[in-house]
Amino acid sequence: MLNRLMAMLRALARAVFSGKAILLALLLLGGLGYAMYRHPPMENVAHGEVGIRSDRLLGGTTQFHEGPVLVLPGLHVLHRYSLRDRVYRPVQSSEANGAAPFQSIEGLSLGVDLSIRYALDPARIAAIANQLPDDIDGEVVQPAVQGVIYKIFTRYTVKEIFSSKRGEIQQSIEDELKPRLAADGILLREVQMGKVDLPADYRAGMEKLLAEELETEQMRYTLTLKDQQVKVSELEAEADKVRRDKAAEAAGNEQVIAARAQEEAMQHVLPFKQKQIEQRRLEAEADKLTRIKTAEASAESRRIEAAAEADSRQKLADAEAYRLERLDKIASAQMERDGQVLSQHPLLIQKIMAEKLSDKISVIIAPPAAGGFIGASLLGKLPAAAAPTATPTADASASDNQENQ
């Protein structure tokens, strides 16, 4: 882009004397506008980042913090670097059977969970920006860390790594790794050493050995404690003997004083005791009378309740007998009225029977032999011999059989 711009400037200079200056100036302005449209000259540096702008023409660098930065296309190049803390964990070395385990001084494989926290040095980033690769983690931090930690772990035994020298190992890693990273403009914040993964057989033996050492240490402390307890018991026994002597002497004096006081007090207590006995006798007699009165009142109350209950039941029985007697009279009067009606109108019996059996039998009425009105017999105009007869069908027989059942 810069070469193209210079060529256009030279063409403009040659065209001044040939009468084409205006056209070339327009072309130049159009090219500049198109370049600024495709490559905006303003870029932004985010919070927590630092921007390093390199000048291709002059070869210098300028450092920018959060905010907009002027970047001319073809002339400037802007690189952004994060100043936040980063953490590197060698995952392949965290397990004893992993891809790249550590080696102890005995040659045994073991895994260690390490965390290396680091950040770029903002004071030196402008000076070394041109030397830093794009992948700082993979090309700078990882090789430096692996070159230090593998070498340090080979100085210690598995037992020291697992138990007694963890703090020393962690400090050694920080002391050797800090200057190596500082040479590349990286600040080492902290090294954390976590879980140590041992081979299964060695772990079992190590745990057994540690348990035995712990038991031995516990026994030593137990013996020391027992010795101290014996001395304490001797001192306590002597002190207790002195306390008992003093207590016995004091108790004797107290008993003498108490006997004298009791002798003097009895002279005043005896009359008071006699009064208490007389008061309790009177209270007992009063309580006896109260219980007798209460029992008599309770018996009288039960007698009254029993009499009231008997009277109530008698009245209920009388009321029930009166109700049954009234119902019988009403039923008798109703039957007498029904008998009178039926004696005056015998056909009502047939009507009642027909209504009762209407839903159970079917009736076929045959026409009278001599002809005439088919319902004349029901009106009493034909003799009983000439009245039509009702023949029950099979449905009526079935209904009667069901009723009999």
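Residues that are within 20 Å of GLY98 (Cβ to Cβ), free of Cβ contacts under 8 Å to residues at least 12 places away in the same chain and not in a loop (DSSP other than H, G, I, E, B) occur in the range 188-200; there is at least one. For the residues ILE116, ILE173, the requirement of being surrounded by 13 or more Cβ atoms within 10 Å (Cβ to Cβ), on the phi < 0 side of the Ramachandran plot, assigned to a helix (DSSP H, G or I) and within 44 Å of the chain's Cα centre (by Cα) singles out ILE173.
Listed residues LEU214, LEU225, LEU210; which is more than 26 Å from PRO101 (Cβ to Cβ), at pLDDT below 85 and of a type in the set (A, V, I, L, M)?
Within the list LEU214, LEU225, LEU210, the selection yields LEU214.
The values are calculated or read from the model by the stated rules, or taken from the named source; none is laboratory data. Predicted, not measured: the structure shown is a model, and the values here were computed from it. A quick note on method: Cβ atoms are made from the backbone with ideal geometry, for glycine too, and the neighbour counts reach across all protein chains shown.
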